[in-house]
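Trainee: Below is a structure I'd like to ask you about.
The values are calculated or read from the model by the stated rules, or taken from the named source; none is laboratory data. Worth saying up front: this structure is predicted, and the values here are computed from it rather than measured. Don't worry about glycine lacking a Cβ; one is built from the backbone with ideal geometry, like all the others, and counts go over all protein chains shown. Ligands, DNA and RNA are stripped out before the accessible areas are found, and what is left, the full protein with its side chains, is counted by its heavy atoms. Shrake-Rupley method; radii C 1.70, N 1.55, O 1.52, S 1.80 Å.
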Amino acid sequence: MDHSEFDLTFEPAYGRAVPVAPGVERMTVNNPSAFTFHGTNSYIVGSTSVAVIDPGPPDEAHFQALMVALAGREVTHIFVSHTHQDHSPLSRRLKEATGALIVGEGPHRPARPLHAGEVNPFAESSDRAFVPDIALADGKSVSGDGWTMTALLTPGHTANHACFALGDTGIVFSADHVMAWSTTIVAPPDGAMADYMASLDKMLLRDDRIFFPGHGGPVKDPSSFLRGLRTHRRMRERAILERIRAGDRTIPDMVKIIYRETDPRLHGAAALSVLAHIEDLVEKGLVETDGPPALMGIYRPT
């Protein structure tokens, strides 16, 4: 996918609950960055008895704005898509304030164990204190007053990532799995490219109408967008394999060429994405290295 295929038009409306669909409101945290776009989206689902999806980081202004938006309404459930610090920590304070049950796939965990001497570059981004009251298996649902939410487990960005489908409305809250403004970061050891690709294929089997993601505006044609993401990832894999066959032996050398038009602030994340692809290529037997794949590894075509 090139930049023209992403939708960068988005008004965050910090501090306000913005209706985005019948019975669905979006509130955006004022935590913009190169990784979060304009900020993290929280969603309120329902009318008098509601669920909140991804309350966000421990941001005082956002918490107070949420409480104003929720005034006079019962909050029964808090859904958490995954355990990154910009999505899950505020769930605990919101639970204390409302008595709602926290729902998610499970606690934070890496997609694979750390290799000897390896450091998790996203360790500080992980919410290791998160423990859901209800751990939802794939396809299992939780219902409230006038709404039903079904878990669609989509590992890849993190091992415990989940999307949530809203009844038979065709609405899916896609969190960080699929976003209209950018591709998703897949960074080992928290994430895994093979898992991410399988999760894209899984979502393509569905016929959803619209995705509301964790950052930015909606994905209005999910099937087409998913196919574009899958093609982009396959092209990226081919580009990495071509660089290795052309003589590049290190990930930094590949990043310089493959991501030459990408914001340099994102080159660290790009290197982790290349590592995720290389892990998959090594598993497929197309690339070799001494020992397990690593950021500073030396790679050769098989």
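Trainee: Could you state the principal axis extents of the C-alpha atoms in region 146-222, from the largest down, to the nearest angstrom?
Mentor: Its Cα atoms span 39, 23, 20 Å along the three principal axes.
Trainee: Check the chain and count each lysine pair with an alpha-carbon distance under 22 angstrom, considering only pairs eight or more places apart or from different chains.
Mentor: Lysine pairs, 8 or more places apart or on different chains, close enough: 4.
Trainee: While we're on this one: Bin by bin, in steps of 20 Å, what percent of the Cα pairs in the chain do you find, going until the bin that has the longest distance?
Mentor: That works out to 35, 55, 10, 0, in percent per bin.
Trainee: Which FRET efficiency value, to the nearest 0.05, do you get for residue 232 and residue 61 by plugging their Cβ-Cβ distance into 1/(1 + (r/R0)^6) with R0 = 30 Å?
Mentor: Calculated transfer efficiency: 0.25.
Trainee: While we're here: Among 22, 46, 76, pick out the residue whose Cα is farthest towards the positive end of the charge dipole of region 1-133, where Lys and Arg carry +1 and Asp and Glu carry -1 on C-beta, about the Cα centre.
Mentor: 76
Trainee: Cα-based Rg (one decimal) and Dmax (whole number) for region 1-98, in Å?
Mentor: Both quantities, over Cα of region 1-98: 13.6, 45 Å.
Trainee: Pop out the carbon and sulfur fraction of the accessible area of the chain as a percent, whole number, probe 1.4 Å.
Mentor: 54
Trainee: Per residue, how much accessible area does region 31-140 show when a 1.4 Å probe rolls over the protein heavy atoms, in square angstrom?
Mentor: Normalised by residue count, the accessible surface of region 31-140 is 42 Å².
Trainee: A further question follows. Using Cα springs under 10 Å in a Gaussian network model of the chain, which residue among 14, 259, 196 shows the largest mean-square fluctuation?
Mentor: Checking each option, the largest mean-square fluctuation is seen for 259.
Trainee: Now for a different question. Please give the contour-minus-distance gain from residue 13 to residue 138: 0.36 nm per residue of separation, less the Cα-Cα distance, rounded to one decimal in nm.
Mentor: Roughly 41.7 nm would be gained on extension.
Trainee: Figure the gain on full extension for residue 257 and residue 35 (residue separation times 0.36 nm, minus the Cα-Cα span) and round it to one decimal in nm. Don't skip to the answer; put the middle values down first.
Mentor: Working: separation 222, 0.36 × 222 = 79.92 nm, distance 2.13 nm.
Length gained between residue 257 and residue 35: 77.8 nm.
Trainee: Next up: Report the accessible area of residue 11, computed with a 1.4 Å probe over the heavy atoms of all protein chains in place, in Å² rounded to the nearest 10.
Mentor: Surface accessible to solvent at residue 11 totals approximately 120 Å².
Trainee: Given just the C-alpha atoms of region 1-46, how large is their convex hull per residue in cubic angstrom?
Mentor: Output value, Cα hull per residue: 91 Å³.
Trainee: What fraction, in whole percent, of alpha-carbon pairs in region 24-156 exceed 24 Å separation?
Mentor: 29
Trainee: What number results when the radius of gyration of region 76-124, computed over Cα atoms, is divided by 2.2 N^0.38 Å?
Mentor: For region 76-124, the normalised Cα radius of gyration comes out at 1.44.
Trainee: Using a Gaussian network for the chain with springs between C-alpha atoms less than 10 Å apart, which of these wobbles most: 80, 131, 68?
Mentor: Judging by the Gaussian network model, the answer is 68.
Trainee: From the protein chains alone at 1.4 Å, what is the descending order of accessible area for 128, 236, largest first?
Mentor: Largest to smallest exposure gives the sequence 128, 236.
Trainee: Still on this structure: Calculate the FRET efficiency for residue 119 and residue 250 from the Cβ-Cβ distance with a Förster distance of 22 Å, rounded to the nearest 0.05.
Mentor: Details: r = 18 Å, r/R0 = 0.81.
Calculated value: 0.80.
Trainee: Compute the length gained on full extension between residue 71 and residue 288: take 0.36 nm times their separation in residues and subtract their Cα-Cα distance, giving the result in nm to one decimal.
Mentor: 72.3 nm
Trainee: Hey, another quick one. Region 199-245: D in µm²/s via Stokes-Einstein (Kirkwood Rh, Cα pairs, 37 °C, 0.692 mPa s)?
Mentor: Numbers: Rh = 12.1 Å.
Value of D from the Cα-based Kirkwood radius: 272 µm²/s.
Trainee: If you find the alpha carbon centre of region 230-247 and of region 134-197, how far apart are they in angstrom?
Mentor: Centre-to-centre (Cα) distance: 27 Å.
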